[in-house]
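All remarks here apply to the structure that follows.
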Amino acid sequence: MMDLYSFFDQVWIARLAILKGLGITISISVLSIIVGSLLGVLVGLSLVYGNRVVRFVVRVYTDFIRGTPVLVLVLASYYVLSTIGIDLGPFQAGVLALAIFCSSHVGEIVRGGLQAIPKGQTEAAKAIGLTFNQTFAYVLWPQALRQFLPAWVNTAAEMVKASTLLSVIGVAELLLRTQEIISRNFMSLQFYFFAGFLYFVINYSIERFGKYVERKTAVPA
Amino acid sequence: MGYTLNFAAVWRSLDQLLEGLLLSLGLAFVSILIGAAIGLLVAFALIAKNGWIKRPAAAYVTVIRNLPILVLVLFAYFALPQMGVRLGKLESFVAVLSIYSGAYLAEVFRAGLLSIPKGLTEAGLAIGLTPLQIRISIITPLMFRNVLPSLSSTVISLFKDTSLAAAIAVPELTFEARKINVESFRVIETWIVASGLYVATCSVLAALMRVAERRLSVPR
Amino acid sequence: MNKVLLEIQGLRKQYGIVEVLKGVDCTMQEGEVISIIGSSGSGKTTMLRCINMLEEFQGGHIRLEGEEIGYEHNGSSRKRKSEKDIARQRALTGMAFQQFNLFPHMTAAQNIMLGLVKVKKMPRDEARAVAEKWLDRVGLASRADHYPGQLSGGQQQRVAIARAIAMSPRLMLFDEVTSALDPELVGEVLQVIKGLAADGMSMLLVTHEMRFAYEVSSRVIFMNQGVICEEGNPKEMFVKPKTERLAEFLKTSSFN
């Protein structure tokens with residue numbers, strides 16, 4: 001009982017640090033998802049509609065990113081950018097790394113979504129006289145979107161999990177804040193549990209939301 | 001930019017990087033093997049009709065899949081000793097990655113189990129095999145063949161997760177790369193070579209999985 | 001002289017509130033070949049599956065050579081037998097399925113050997129010899145090392161029958177074994193079954209092939225809405241059905 005009381009006491013003392021950490025975690029995730037998704041849509045479109053050269057270059061890019069651990073991307077981005085004279089703080093460098101990671105994921109999802117659409121759809125659209133842009137906007141994209149929205153929502157959960165890696169380069173997100181709190185009160189068991197609980201709540205909500213989106217976007221059959 | 005590439009320092013430390021890579025592969029191999037055993041049992045539990053078997057399995061998968069692996073790694077190494085569980089760096093990391101892979105592989109295996117026609121179980125029952133014998137001789141081998149294509153990306157992503165061991169100073173590839181980076185100041189070169197090694201290993205793993213897929217595919 | 005092989009008494013089976021078998025009684029002598037006919041939903045396949053305990057049933061008795069199948073009866077209460085016991089009992093009957101259900105990752109010979117090795121604890125080389133003998137019997141000696149995916153539907157079904165028969169069951173159950181086959185492949189499978197009948201194998205067949213039922217069976221059972229509606233000698237039944245229902249059924253099914 002005493003333990004639980006002192007734990008909540010410590011949580012109360014550290015409330016600001018925890019909230020700030022949570023805020024940073026959410027900012028990292030949201031920023032990297034937005035930037036990564038925009039990039040990712042470009043990546044996906046180039047993989048499907050690009051000419052041979054574009055396709056090859058983008059393919060190398062995605063394969064390289066997907067073959068590299070996110071932690072390596074984070075570390076490389078942090079160290080390399082400052083070396084070549086681009087002075088970003090750890091936060092920006094980290095977000096950039098996560099956005100790049102996100103872009104390769106989203107790129108694959110977009111490509112998969114577009115390529116899953118039967119060829120007959122394009123042909124039918126051509127047959128009624130739509131231009132390519134119209135075909136894309138009214139026929140292909142809406143179908144692809146349904147395909148990849150659920151997977152895209154799950155990418156969001158991946159990004160929240162990956163945001164913890166920024167603690168390694170000193171970004172004071174939730175995990176680093178937790179470590180700092182533990183270094184003051186030595187309650188490692190309780191506070192790692194607490195951090196894990198917070199991450200679980202966020203990700204589980206995203207997962208449920210993904211399931212909901214999946215139900216909502218299913219084409220009525 | 002004022003930076004000229006010079007790989008000399010990195011080449012000198014290549015042995016260090018390769019040793020790190022070897023350790024990464026070792027960690028991945030052992031963890032995935034243990035994880036596959038966990039995953040197989042959990043997958044069977046997930047498709048069980050009995051709620052007392054199914055629910056704990058589902059809870060395990062949901063909890064692990066929604067936690068960042070770094071939190072688990074730090075928890076196992078720094079917090080478990082508070083409960084009297086004191087593991088070395090390697091053991092604690094392998095334990096975490098095994099439990100982590102168990103959850104992901106369970107999901108993959110579950111899908112594989114569901115794709116096996118019920119008639120095969122019935123045919124096994126009809127010749128007098130017990131349910132356990134059917135799981136061992138028919139369902140599990142078929143499930144593995146079914147999931148090989150999707151197993152590839154899971155295995156590769158678990159291999160990449162070994163980089164997290166750097167956070168508790170396990171001298172695997174990422175840890176070694178960071179060390180060389182700090183010691184030699186050849187930042188760009190170090191990370192090019194390190195991620196190159198990761199990318200190459202992932203491609204080899206993917207190729208091996210494709211070979212396994214071809215060799216094991218059911219002839220038709 | 002003839003000995004009772006199978007005895008079914010008051011067999012009842014329901015899915016939720018739907019009763020599919022409403023008290024089936026039937027006795028089968030050793031060496032008999034009985035065809036069960038009837039429209040879909042009449043309960044004929046379900047009855048077959050109960051004999052092999054692929055379906056649980058809620059009431060009645062099934063006895064094979066006097067041994068109670070599936071459940072331990074104690075006065076009015078009953079308990080499902082252990083999984084091991086049921087497995088042993090299932091091995092006493094062989095079953096061939098509509099969808100063949102061959103194990104796709106095993107060759108024809110391996111499919112047959114599995115039960116011999118795991119259930120009968122036969123040494124592998126002996127099991128292999130038995131498998132080859134039966135493959136030869138169904139005319140597929142040359143396909144022993146082919147995988148199911150490399151065989152035609154008719155060949156697969158013949159392997160499946162060989163797999164069941166190799167366990168030397170006391171009774172063979174055939175569940176619409178030709179329904180999933182292309183018409184030109186039906187003959188080769190029926191030929192195999194006829195051969196088994198000629199050997200004196202006791203067989204229970206659920207079938208839509210009226211001509212075949214007519215030729216091969218010693219007795220025909222017509223099921224309707226979960227009960228046996230009429231049974232008898234095929235020559236009488238097909239030519240002079242006693243019940244209105246059977247007459248109706250025979251009119252809609254192609255018997256030519």
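Condition first: facing chain B (nearest Cβ under 9 Å) and part of a helix (DSSP H, G or I). Now tell me which residues in segment C:117-128 satisfy that. Correct list: C:LYS118 only. Scan segment A:209-221 residue by residue and report those that are part of a helix (DSSP H, G or I) and either closer than 19 Å to B:LEU70 by Cβ or not hydroxyl-bearing (Ser, Thr, Tyr) (or both). Those that are part of a helix (DSSP H, G or I) and either closer than 19 Å to B:LEU70 by Cβ or not hydroxyl-bearing (Ser, Thr, Tyr) (or both): A:PHE209, A:GLY210, A:LYS211, A:VAL213, A:GLU214, A:ARG215, A:LYS216. Only one of the numbered conditions (1) within 19 Å of A:LEU71 (Cα to Cα); (2) surrounded by fewer than 20 Cβ atoms within 10 Å (Cβ to Cβ) is not met by B:VAL30, and that is (1).
Here's the yes/no breakdown for (1) touching a residue at least 24 places away in the same chain (Cβ under 8 Å); (2) within 30 Å of B:ASP15 (Cβ to Cβ):
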position: B:LEU132; (1), (2): no, no
position: B:ARG145; (1), (2): yes, no
position: B:SER150; (1), (2): yes, no
position: B:LEU158; (1), (2): yes, yes
position: B:PHE175; (1), (2): yes, yes
position: B:VAL199; (1), (2): no, yes
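Considering segment A:1-45 alone, what residues qualify as being among the small types (Gly, Ala, Ser) and either more than 23 Å from A:VAL95 (Cα to Cα) or touching a Pro at 6+ places or on another chain (Cβ under 7 Å) (or both)? Result: A:SER6, A:ALA14.
Filtered by the rule that a residue be within 14 Å of chain C (Cβ to nearest Cβ), within 30 Å of C:THR93 (Cα to Cα) and part of a helix (DSSP H, G or I), segment B:103-124 gives B:LYS118, B:GLY119, B:LEU120, B:THR121, B:GLU122, B:ALA123, B:GLY124. Scanning segment B:39-63 for residues that are of a type in the set (A, V, I, L, M, F, W, C), surrounded by fewer than 19 Cβ atoms within 10 Å (Cβ to Cβ) and either in a helix (DSSP H, G or I) or within 14 Å of another protein chain (Cβ to nearest Cβ) (or both) turns up B:LEU41, B:TRP52, B:ILE53, B:ALA58, B:ALA59, B:VAL63. Of all the criteria given as (1) under 30 Å from B:SER153 (Cα atoms); (2) assigned to a helix (DSSP H, G or I); (3) over 14 Å from the mean Cα position of the chain (by Cα), the one not satisfied by A:GLY107 is (3).
Sub-6 Å Cβ pairs linking a first residue in segment A:114-126 that is outside any helix (DSSP H, G or I) to a second residue that is modelled with pLDDT of 85 or more, at least 6 apart or interchain, are A:ILE117/A:LEU140; A:ILE117/A:GLN143, ordered by first then second residue. The residues of segment B:177-219 that are assigned to a helix (DSSP H, G or I) and hydroxyl-bearing (Ser, Thr, Tyr), listed by number, are B:SER184, B:THR190, B:SER195, B:TYR198, B:THR201, B:SER203.
Considering only segment B:1-33, state which residues are in a helix (DSSP H, G or I) and in contact with a helix residue (DSSP H, G or I) (Cβ under 6 Å, 6 or more places away or on another chain). Result: B:ALA9, B:VAL10, B:GLN16, B:LEU17, B:GLY20, B:LEU21, B:SER24, B:LEU27, B:ALA28, B:VAL30, B:SER31, B:ILE32. Considering each residue of segment A:174-182 in turn, none proves to be within 8 Å of chain B (Cβ to nearest Cβ) and acidic (Asp, Glu). Does B:LEU97 meet the test of being within 23 Å of B:LEU148 (Cα to Cα) and modelled with pLDDT of 95 or more? Judged against the criteria, B:LEU97 is a match.
Within segment A:168-186, being touching a residue at least 12 places away in the same chain (Cβ under 8 Å), crowded, with 20+ Cβ neighbours inside 10 Å and among the hydrophobic types (A, V, I, L, M, F, W, C) holds for A:VAL168, A:VAL171, A:LEU174, A:LEU175, A:LEU176, A:ILE181. Residues that are over 18 Å from the mean Cα position of the chain (by Cα) and polar (S, T, N, Q) were ranked within segment B:167-220; the one that is modelled with the lowest pLDDT is B:SER184.
Looking at A:LEU149, A:LEU145, just one residue is loosely packed, with under 15 Cβ neighbours inside 10 Å, at pLDDT below 90, assigned to a helix (DSSP H, G or I) and away from chain B (no Cβ under 13 Å), and that residue is A:LEU145.
For segment A:187-208, how many residues are part of a helix (DSSP H, G or I), in contact (Cβ under 8 Å) with a residue 12 or more places away in the chain and not charged (D, E, K, R)? Number satisfying all stated conditions: 10.
Residues of segment C:222-256 that are in a loop (DSSP other than H, G, I, E, B) and crowded, with 18+ Cβ neighbours inside 10 Å: C:GLY226, C:PRO241. Would you confirm whether or not segment C:70-82 contains a residue that is farther than 19 Å from C:THR27 by Cα, among the small types (Gly, Ala, Ser) and within 21 Å of the chain's Cα centre (by Cα)? Looking through segment C:70-82, none of the residues is farther than 19 Å from C:THR27 by Cα, among the small types (Gly, Ala, Ser) and within 21 Å of the chain's Cα centre (by Cα). When you look at A:GLY50, is it surrounded by fewer than 20 Cβ atoms within 10 Å (Cβ to Cβ) and away from every other protein chain (no Cβ under 14 Å), yes or no? When the stated conditions are applied, A:GLY50 passes them.
Residues of segment C:68-87 that are under 21 Å from C:ALA164 (Cα atoms) and in contact (Cβ under 8 Å) with a residue 24 or more places away in the chain: C:ILE86, C:ALA87.
Can B:SER153 be described as at pLDDT below 95, surrounded by fewer than 18 Cβ atoms within 10 Å (Cβ to Cβ) and within 13 Å of the chain's Cα centre (by Cα)? Against the criterion (at pLDDT below 95, surrounded by fewer than 18 Cβ atoms within 10 Å (Cβ to Cβ) and within 13 Å of the chain's Cα centre (by Cα)), B:SER153 qualifies. Candidates in segment C:202-221 are the residues that are touching a residue at least 40 places away in the same chain (Cβ under 8 Å) and assigned to a loop (DSSP other than H, G, I, E, B); of these, the one that is farthest from the chain's Cα centre (by Cα) is C:SER218. For segment B:125-137, the set of residues classified as within 15 Å of C:ARG163 (Cα to Cα) and in a helix (DSSP H, G or I) consists of B:LEU125, B:ALA126, listed by residue number. Among the residues making up segment C:129-175, those that are charged (D, E, K, R) and part of a loop (DSSP other than H, G, I, E, B) are C:ASP145, C:ARG170.
Selection of segment C:145-183 for residues being in contact (Cβ under 8 Å) with a residue 12 or more places away in the chain, over 23 Å from C:ARG90 (Cα atoms) and either surrounded by fewer than 19 Cβ atoms within 10 Å (Cβ to Cβ) or not hydrophobic (A, V, I, L, M, F, W, C) (or both) yields C:ASP145, C:HIS146, C:TYR147, C:PRO148, C:GLY149, C:SER152, C:GLY153, C:GLY154, C:GLN155, C:SER179, C:ALA180, C:ASP182.
The values are calculated or read from the model by the stated rules, or taken from the named source; none is laboratory data. Treat the numbers as computed from the prediction; the structure is a model and nothing was measured. Note that each Cβ is placed from the backbone with ideal geometry, even for glycine, and that neighbours are counted across all protein chains shown.
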